[in-house]
There are 4 protein chains.
Amino acid sequence: MHIGFLGLGHMGAPMARNLLKAGHQLTVFDPVPASVASLVEAGAQAADSAGGVARADVELIVTMLPAAAHVKAVYLGDDDLLANVRPGVLLIDSSTIDPHSAREVAAAAEQHGNPMLDAPVSGGTGGAAAGTLTFMVGGSDADFDRARAVLAAMGKNIVHCGGHGNGQAAKVANNLLLGISMIGVSEAMSLGVALGVDPKVLAGIINTSSGRCWSSDTYNPFPGVMDNVPASRGYEGGFGTDLMLKDLGLASEAAKQVRQPVLLGALAQQLYQAFSAQGNGQLDFSAIINLYRKDA
Amino acid sequence: MHIGFLGLGHMGAPMARNLLKAGHQLTVFDPVPASVASLVEAGAQAADSAGGVARADVELIVTMLPAAAHVKAVYLGDDDLLANVRPGVLLIDSSTIDPHSAREVAAAAEQHGNPMLDAPVSGGTGGAAAGTLTFMVGGSDADFDRARAVLAAMGKNIVHCGGHGNGQAAKVANNLLLGISMIGVSEAMSLGVALGVDPKVLAGIINTSSGRCWSSDTYNPFPGVMDNVPASRGYEGGFGTDLMLKDLGLASEAAKQVRQPVLLGALAQQLYQAFSAQGNGQLDFSAIINLYRKDA
Amino acid sequence: MHIGFLGLGHMGAPMARNLLKAGHQLTVFDPVPASVASLVEAGAQAADSAGGVARADVELIVTMLPAAAHVKAVYLGDDDLLANVRPGVLLIDSSTIDPHSAREVAAAAEQHGNPMLDAPVSGGTGGAAAGTLTFMVGGSDADFDRARAVLAAMGKNIVHCGGHGNGQAAKVANNLLLGISMIGVSEAMSLGVALGVDPKVLAGIINTSSGRCWSSDTYNPFPGVMDNVPASRGYEGGFGTDLMLKDLGLASEAAKQVRQPVLLGALAQQLYQAFSAQGNGQLDFSAIINLYRKDA
Amino acid sequence: MHIGFLGLGHMGAPMARNLLKAGHQLTVFDPVPASVASLVEAGAQAADSAGGVARADVELIVTMLPAAAHVKAVYLGDDDLLANVRPGVLLIDSSTIDPHSAREVAAAAEQHGNPMLDAPVSGGTGGAAAGTLTFMVGGSDADFDRARAVLAAMGKNIVHCGGHGNGQAAKVANNLLLGISMIGVSEAMSLGVALGVDPKVLAGIINTSSGRCWSSDTYNPFPGVMDNVPASRGYEGGFGTDLMLKDLGLASEAAKQVRQPVLLGALAQQLYQAFSAQGNGQLDFSAIINLYRKDA
């Protein structure tokens, strides 16, 4: 299939490579020339703008952009995607943005005759490189079916979450819970250890009890409890505090739009913000436990 | 083995019955005569006081009491356990109390020549009846080994958490996390549904993603998502809001003693308190989601 | 002076009337024709658009709009204020928006040759009608001096807070504190009364002690403590919960931009959001005490 | 009048001295001999125990002790106050404790034939030395009238708050609000300054607006805004963070007893706890602003 791809950053570049590996023809664009050059070397063709990608003879376009403002600009701008794309081309936005904006852009696309899916991912740069991302997809059944094979070249778990914006809504809900759970684990581990329990023993108990969660049994923030997690290597790599902060910002913004309180969520957001303000925004988000450990 | 048992409430009575079923000889006491009578009918002998249990020729005594004040009174009172028990008898307190008080009582016991274990449980009245409780045990290796077979008659998961008070510390840490996670799931499910996602679809996504936790995949608070959980039967039965409130009170009290902040924990405690103050203290703690659901 | 006025809502209309009363000539616009008609009857001239006001021979323009999106549209739109106004005309935006947006618009205005001030107000519709508003003004000394007499026709307290955006920053900081204090008073009054203290006695003690604050001594939320406050008339009138919610939203948004944590502020925002979600958005914000009163 | 005085610490000693200055005869006790010696030098007589004070021919006894445990021990202990005091002697406890304990001790005193008042103070060691304390008094009208002249020798504001425990309840409510307000001011000042407003200008605006409170206009935590407050001298002196922490602990404990939520209060308590855990417990509580200031 001839596919257009916009946004070749830390996530977009490896995703695009996986499409090439799966045998698809790719026309790409990114404002950073080096990012484009690197994909061209791997076999893609370069367009000179978003509009240029749209004017190429593509059947489907994937976008992977930093925030809602970029998504709106790239889709709705005067000389950009919708202004140039042929009706019928399937548009898939894999950026993580708020559900409201996703629905706004999808409505504009459909008015223009282009089916659209929101398909944010989880799994990080590791999952993007390995092609093991999870896609949370919002849009019609037919469009989901049409996109599935393409998405499967980039991920291994492709979940249909309902209509437009529901992919974003599901991701925002999951990451809200993740942001809370990680701080919950941080408080519980720090308290138990301060009370005298060995951290590995404590994690073992929690992981077989009702406190069990991904943040405890797969990504424990206490140093020395697990190997191969950011806590065992000084919180390098992983999912950055500032990325978690962005996702909790989306959650509280979405909650505001539907007037839904998120009390623990808002407090968690402020704690990551305090931690980031201390200069830790690039550390993995599990480093938030350092707010609680006296010896850290 | 001849075992003394004190405290025959909702948890203590079925635990004592399981000891009888395992072939142990039991001498029991409870201030409620009917509770004693019921155990006597099942084969136990009655003592007329805590001191009476201690004076019986028992090798080991289990206590299951409501709060630290009762534990201190029963162990340290003028005519009670320590004042009457033969040195060498192993004392096991399965009440849920703060680690500090547990250590205080254990120190008094050891001074009197009695080895002691704190061994709080999780698993609720269901686990107590089925003999499938988890015991979190604090005390020496030797005493833990000595107690293991007896505890195994009442539970299936017997975990040694370290020295005196560490059983309580581990339980308090786990339940702190549980109390937070349940509200986290409540916020995430309510937000996702308010944004338009089907609750079963959303739970399915969370349960295979990084938000996964016991409160979501085993005890989901959103009605209709799972069968056989309190949410599917009007939040009857289960683990009462007021019990969770008690455990979070222990957690924040223990945190105060070691000057360890528990920010999400303290907020969670207040939310259960607000919910209880509205008359919901007897509902299962997962009913806290009703604070978030407009249609509930 | 010939003054342009845009935005004739609950606040803008009485402010514009006070300018007429002070002898100024007014050219006005609002998208609601009846709002314009009412001002014309009072002596103003009507323009047919924002651009029309700008093209009239005015020396100064005041805008009073609901949110940042409106301010950006009206100032920066293709056929709107900046596209039509003569360089040198002083622009005063009295809308309450985030400091970042205020600075963005001011920079565009100055580039176009128009000095600009942000001048949000406090004092509510009562203060707007009586001409007793407080103006918190951001911009240069010279522009502040030039605007002072005009603002004095609408308010009695005109405070210069520093450069562009500082009027908005000062307002957002004050209202953040106000939103927190009101909940603080609600918690303290509700707790003291639940513990048995008479509400008037308690308010008297607080108001002469270190808990003293405007929310307690001037606007007490407990019914029956003060006359002539919303709490004494079923929380009708006053400053609506949804307006407080908007201001706390601006505060947490501004805090996010400068990565400054606002922990109590974010929790307060969620509590007003929960209260609004229960259908109370139109009640005065002091009604938040009903979240705490069992008998309410 | 011949008065007994128990507890000669930082607060009790200057209070006792003011009773001597007012011409009263004093019999005192404290477990620290040097504290007793210092008062004897000033004209008091020494007793050798709490019981010794009770057996002296006193008409009234004042106690000033660190916490509820001490108050219960001194009043209810086997050879202490109630066991030795003559019926009819008026007992005044000026310690700051929870209302529940105050009522428990008062009930025991009245059963023994001794009228009792709880009379906690505010005003700090400065107010104790200057005789300008505020007394918040719980007990009967008659007992309040009987005590007033004695209290007036130590304070200038003597407020009757209702029956037993209401002095404590009023203090706990006021200090709950104070603890919240101080953090509210810290967040508002830090945010406004981070957004570019000068701290003195910002404080000036808040102090004449709806954010006005004692923590802002009398005890501003931002360095350089006011003279003669702890913020202007490195947060030395004043009201220690650990004392505020104690009072918020009393508030959340009292709230638990009457099942009254204190959401901002609990969060404030955790923030002071986090700050104390960092080694700042002896700094004035207004130093909490350092949690928010990047340059601090």
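The values are calculated or read from the model by the stated rules, or taken from the named source; none is laboratory data. Keep in mind it's a predicted model, so treat the numbers as computed, not measured. Positions of Cβ are generated from backbone atoms using ideal geometry, with glycine treated the same way; all protein chains shown enter the neighbour counts.
Quick notes on this one:
- Single residue of region A:160-178 satisfying the filter (under 14 Å from the mean Cα position of the chain (by Cα) and more than 16 Å from residue A:95 (Cα to Cα)) that is surrounded by the fewest Cβ atoms within 10 Å (Cβ to Cβ): A:178
- Of everything listed in (1) assigned to a helix (DSSP H, G or I); (2) touching a Lys or Arg at 6+ places or on another chain (Cβ under 9 Å), the single unmet condition for residue D:72 is (2).
- Restricting attention to region C:83-101, the residues that are of a type in the set (S, T, N, Q) and within 14 Å of another protein chain (Cβ to nearest Cβ) total 2.
- Residue list for region B:111-125, filter: farther than 16 Å from residue B:63 by Cβ and free of Cβ contacts under 8 Å to residues at least 60 places away in the same chain: B:111, B:113, B:122, B:123
- Across region D:257-270, the number of residues qualifying as farther than 18 Å from residue C:185 by Cα and surrounded by fewer than 24 Cβ atoms within 10 Å (Cβ to Cβ) comes to 1.
- Any hit, region B:20-42, residues being in contact (Cβ under 8 Å) with a residue 12 or more places away in the chain, of a type in the set (Asp, Glu) and either over 26 Å from residue B:242 (Cβ atoms) or assigned by the TED database to the domain that holds residue B:239 (or both): no
- Applying the condition of being among the small types (Gly, Ala, Ser) and buried (at least 18 other Cβ atoms within 10 Å of the Cβ) to region C:221-243 and asking which residue is farthest from the chain's Cα centre (by Cα) yields C:231.
- Residue in region C:50-65 that is within 24 Å of residue C:168 (Cα to Cα), touching a residue at least 60 places away in the same chain (Cβ under 8 Å) and of a type outside the set (S, T, N, Q) present: yes
Listed here are the residues, each with its yes/no results for (1) closer than 27 Å to residue A:208 by Cβ; (2) in contact with a helix residue (DSSP H, G or I) (Cβ under 6 Å, 6 or more places away or on another chain); (3) among the acidic types (Asp, Glu).
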residue	(1), (2), (3)
B:172	yes, yes, no
B:183	yes, yes, no
B:197	no, yes, no
B:217	yes, yes, yes
B:227	yes, no, yes
B:232	yes, no, no
B:248	yes, yes, no
B:265	yes, yes, no
B:276	no, yes, no
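- Answer residue from region A:82-104, given it is in a loop (DSSP other than H, G, I, E, B) and polar (S, T, N, Q) and is nearest to residue A:134 (Cα to Cα) among those: A:94
- For region C:148-171, the set of residues classified as among the hydrophobic types (A, V, I, L, M, F, W, C) and more than 7 Å from chain D (Cβ to nearest Cβ) consists of C:149, C:150, C:151, C:152, C:153, C:154, C:158, listed by residue number.
- The single residue among A:162, A:155 that is in contact with a Leu (Cβ under 6 Å, 6 or more places away or on another chain) and of a type outside the set (Ser, Thr, Tyr) turns out to be A:155.
- Residue in region B:38-58 that is assigned to a strand (DSSP E or B), touching a helix residue (DSSP H, G or I) at 6+ places or on another chain (Cβ under 7 Å) and surrounded by 20 or more Cβ atoms within 10 Å (Cβ to Cβ) present: no
- Subset of region B:1-10 that is of a type outside the set (Gly, Ala, Ser) and buried (at least 24 other Cβ atoms within 10 Å of the Cβ) - its residue that is farthest from residue B:59 (Cα to Cα): B:8
- Options A:136, A:182, A:154; residue that is in contact (Cβ under 8 Å) with a residue 24 or more places away in the chain and assigned by the TED database to the domain that holds residue A:273: A:182
- Test: residue B:246 is within 21 Å of the chain's Cα centre (by Cα) and basic (Lys, Arg): yes
- Count of region D:130-152 residues, restricted to those that are in contact with a Leu (Cβ under 8 Å, 6 or more places away or on another chain) and on the phi > 0 side of the Ramachandran plot, is 1.
- Verdict on residue C:63 being assigned by the TED database to the domain that holds residue C:11, among the polar types (S, T, N, Q), at pLDDT below 95 and within 30 Å of residue D:192 (Cβ to Cβ): no
- Checked against (1) crowded, with 17+ Cβ neighbours inside 10 Å; (2) over 21 Å from residue D:47 (Cβ atoms), residue D:64 meets all criteria but (2).
- Sole residue being under 13 Å from residue D:286 (Cα atoms), of a type in the set (D, E, K, R) and touching a residue at least 60 places away in the same chain (Cβ under 8 Å), chosen from D:253, D:187: D:187
- Selection of region B:113-128 for residues being out of contact with any strand residue (DSSP E or B) (no Cβ under 9 Å at 6 or more places or on another chain) and at pLDDT 95 or above yields only B:113.
- Residue C:120 meets each of the listed conditions (1) more than 12 Å from every other protein chain (Cβ to nearest Cβ); (2) under 25 Å from residue D:193 (Cβ atoms); (3) buried (at least 18 other Cβ atoms within 10 Å of the Cβ) apart from (1).
- Helices (runs of 4 or more DSSP H) (entirely within region D:186-277) containing at least 1 residues that are closer than 26 Å to residue D:65 by Cβ, more than 8 Å from chain C (Cβ to nearest Cβ) and in contact with a His (Cβ under 9 Å, 6 or more places away or on another chain): D:241-257
- The condition (being in contact (Cβ under 8 Å) with a residue 40 or more places away in the chain and either over 18 Å from the mean Cα position of the chain (by Cα) or surrounded by fewer than 16 Cβ atoms within 10 Å (Cβ to Cβ) (or both)) is satisfied by just one residue among B:73, B:83, B:106, B:128: B:106.
- Search result, residues across region A:173-185 that are within 7 Å of another protein chain (Cβ to nearest Cβ) and either assigned to a loop (DSSP other than H, G, I, E, B) or not polar (S, T, N, Q) (or both): A:173, A:176, A:177, A:178, A:180, A:183, A:184, A:185
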